[in-house]
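Q: Take this structure first; my questions come after.
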Amino acid sequence: TRVLGIETSCDETAASVVERGADGQPRILSSVVLSQIEEHAAFGGVVPEIAARAHVEALDGVIEAALMEAGVTLDEVDAIAATAGPGLIGGLIVGVTMAKAIAAAKNKPFLPINHLEGHALTARLTDHVDFPFLLLLVSGGHTQILHVAGLGKYERWGTTIDDALGEAFDKTAKLLSLPYPGGPNVEKAAAQGDPKRFAFPRPMKGEARLDFSFSGLKTAVRRAATELAPLSQQDIADICASFQKAVTETLSDRVARSLERFQTLHPEIAEPHLVVAGGVAANQAIRTELDRLCREHGFTLIAPPMKLCGDNAAMIAWVAVEQLDAGLAEPDSMAFAPRPRWPLDQSSAPVFGAGK
Ligand code: ATP
Ligand code: MG
Ligand code: FE
């Protein structure tokens, strides 16, 4: 099964060809990602209107490059998949319309894919991870703990009640006048800082429910930055290090409880997996702490390779491969309209599908 995937939900224009060969092994034949960072940097964040326009301009070339790199033609793929949500509506329309047009012209199926499901199943593309597994999804728009029982079977155990973790990194960066995108720059600054200088809050730590809250942390960062202004390089590094430490400890507390809950639910699984996915999964400090926690609890941590943490189309093509192979593809897909909001626990697969 071989699929062309398209991703345009935010500020990356991406296309990829992924297949599951006769040997059952997944293979990424190509993965082209064109980032719009430069278009948005001057504004300190993604501007939806600019993003949509940039997708329109770039998508043709990106798809062509992905096919060329893979060495296949459109006749040699089984289906066309595109991110149909969640994300910025302009970008979603560009990607979905393009995928539907190609699908119609080539008489192949079109598969509308949930972007979060792409992040969620990347681990099955790159590593051998069986269902069920525990998923920590930490991205620009989401912070969730999910029990992944099977393809299309996502049960949300916890979520953020305010900001997403990636958003907290980005806002902290902005407060400190670090360049966009914030996450990598906060991590870089933190490496030179003292994580003990500021006692930032560990929101919801110790609570039984598995939710997150990061807006109080953001407020504490703002207060520290305001009190110290003008900030020296060392002040900035110390704030970043203290922020990252607070975030890591908060995640660790919530995840530890989730690992225990997973073990209680699945005592039969000898080697359970924790998968971390989404852009924030690129953070080394967070990876290191999750890895330590997993060892302590008898879990194996699976984190995607760096280039598959952020947005890409290989993850979208891969979900389509999984759905096709399982016979779970959306039946009436040409009528499927993009969904700016589309929770993973109401994903496309019929089992949990909306009203089907
Ligand atoms: P979603 O997937 O929720 O729809 P998104 O697609 O915009 O949102 P991703 O592309 O998955 O999000 O991730 C981008 C986020 O990851 C940004 O908020 C960015 O700051 C953050 N990020 C990237 N690298 C790092 C890092 N090294 N440390 C912390 N955060 C990071
Ligand atoms: Mg992005
Ligand atoms: Fe994403």
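Q: Pull up segment 270-318, narrow it to residues that are touching a strand residue (DSSP E or B) at 6+ places or on another chain (Cβ under 9 Å), hydrophobic (A, V, I, L, M, F, W, C) and in a loop (DSSP other than H, G, I, E, B), then point me to the one that is surrounded by the most Cβ atoms within 10 Å (Cβ to Cβ).
A: My answer is ALA313.
Q: Do we find that ILE113 is of a type in the set (A, V, I, L, M, F, W, C), in contact with a Gly (Cβ under 8 Å, 6 or more places away or on another chain) and under 18 Å from ASN312 (Cα atoms) in this structure?
A: So ILE113 passes the test.
Q: Here's a follow-up. Can you list residue pairs whose Cβ atoms sit under 6 Å apart, with the first residue in segment 309-333 being touching a residue at least 24 places away in the same chain (Cβ under 8 Å) and small (Gly, Ala, Ser) and the second being in a helix (DSSP H, G or I) and within 16 Å of ligand 2 (Cβ to nearest atom)? Count only pairs 6 or more apart in sequence or on different chains.
A: Qualifying pairs under 6 Å: GLY310/GLY279.
Q: Show me the helices (runs of 4 or more DSSP H) found entirely inside segment 146-265 where at least 1 residues are within 16 Å of ligand 3 (Cβ to nearest atom) and among the charged types (D, E, K, R).
A: 165-175
Q: Related question: Give VAL72, VAL129, VAL56, VAL47 a once-over and let me know the one that is closer than 30 Å to THR264 by Cα and surrounded by fewer than 23 Cβ atoms within 10 Å (Cβ to Cβ).
A: VAL129
Q: To continue, here is another question. Looking at GLY95, GLY44, GLY140, which is the one that is out of contact with any Gly (no Cβ under 6 Å at 6 or more places or on another chain) and either over 27 Å from LEU165 (Cβ atoms) or within 16 Å of ligand 3 (Cβ to nearest atom) (or both)? Spell out how you get there, then give the answer.
A: On the way: GLY44 fails: either over 27 Å from LEU165 (Cβ atoms) or within 16 Å of ligand 3 (Cβ to nearest atom) (or both); GLY140 fails: out of contact with any Gly (no Cβ under 6 Å at 6 or more places or on another chain).
Within the list GLY95, GLY44, GLY140, the selection yields GLY95.
Q: Can you tell me which residues in segment 261-290 are under 18 Å from HIS128 (Cβ atoms) and free of Cβ contacts under 8 Å to residues at least 60 places away in the same chain?
A: Residues satisfying the conditions are ALA270, GLU271.
Q: Taking segment 124-138 as the search range and keeping residues that are in contact (Cβ under 8 Å) with a residue 24 or more places away in the chain and touching a Leu at 6+ places or on another chain (Cβ under 8 Å), which one is nearest to GLU322 (Cα to Cα)?
A: Across segment 124-138, the extreme among qualifying residues is LEU125.
Q: In segment 5-19, what residues are away from ligand 1 (no atom under 13 Å from the Cβ) and surrounded by fewer than 24 Cβ atoms within 10 Å (Cβ to Cβ)?
A: Residue satisfying the conditions is GLU19 alone.
Q: Give the residues of segment 51-83 that are more than 13 Å from ligand 2 (Cβ to nearest atom) and β-branched (Val, Ile, Thr), sorted by residue number.
A: Matches in segment 51-83: VAL56, VAL62, ILE63, VAL72, THR73, VAL77, ILE80.
To keep it simple, each residue is scored yes or no on (1) within 16 Å of ligand 2 (Cβ to nearest atom); (2) more than 19 Å from the chain's Cα centre (by Cα); (3) outside any helix (DSSP H, G or I).
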| site | (1), (2), (3) |
| --- | --- |
| ILE93 | no, yes, no |
| THR97 | no, yes, no |
| ALA105 | no, yes, no |
| LYS108 | no, yes, yes |
| ILE113 | no, no, yes |
| ALA120 | no, no, no |
| ARG124 | no, no, no |
| VAL129 | no, no, yes |
| LEU136 | no, no, yes |
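Q: Looking at segment 20-39 only, could you name the residues that are within 12 Å of ligand 1 (Cβ to nearest atom) and surrounded by 19 or more Cβ atoms within 10 Å (Cβ to Cβ)?
A: VAL33, GLN36
Q: Of the residues VAL33, VAL47, VAL17, VAL3, only one is hydrophobic (A, V, I, L, M, F, W, C) and under 17 Å from GLY310 (Cβ atoms); which?
A: Sole residue among the options that is hydrophobic (A, V, I, L, M, F, W, C) and under 17 Å from GLY310 (Cβ atoms): VAL33.
Q: Looking only at segment 277-292, which residues are away from ligand 2 (no atom under 16 Å from the Cβ) and either of a type in the set (Ser, Thr, Tyr) or in contact with a helix residue (DSSP H, G or I) (Cβ under 6 Å, 6 or more places away or on another chain) (or both)? Outline the logic, then answer.
A: Applying the first criterion (away from ligand 2 (no atom under 16 Å from the Cβ)) to segment 277-292 yields 284-292.
Hits for segment 277-292 are ALA285, ILE286, THR288, GLU289.
Q: Quick check on my filter: what residues within segment 267-280 are within 12 Å of ligand 1 (Cβ to nearest atom) and within 15 Å of ARG124 (Cβ to Cβ)?
A: Hits for segment 267-280 are VAL276, ALA277.
Q: Taking GLN192 as the residue in question, decide whether it is over 24 Å from the mean Cα position of the chain (by Cα), exposed (fewer than 15 other Cβ atoms within 10 Å of the Cβ) and touching a residue at least 12 places away in the same chain (Cβ under 8 Å).
A: yes
Rule-based calculations on the coordinates, nothing more; no lab input. Since the model is a prediction, treat every value here as computed from it, not as a measurement. Positions of Cβ are generated from backbone atoms using ideal geometry, with glycine treated the same way; all protein chains shown enter the neighbour counts.
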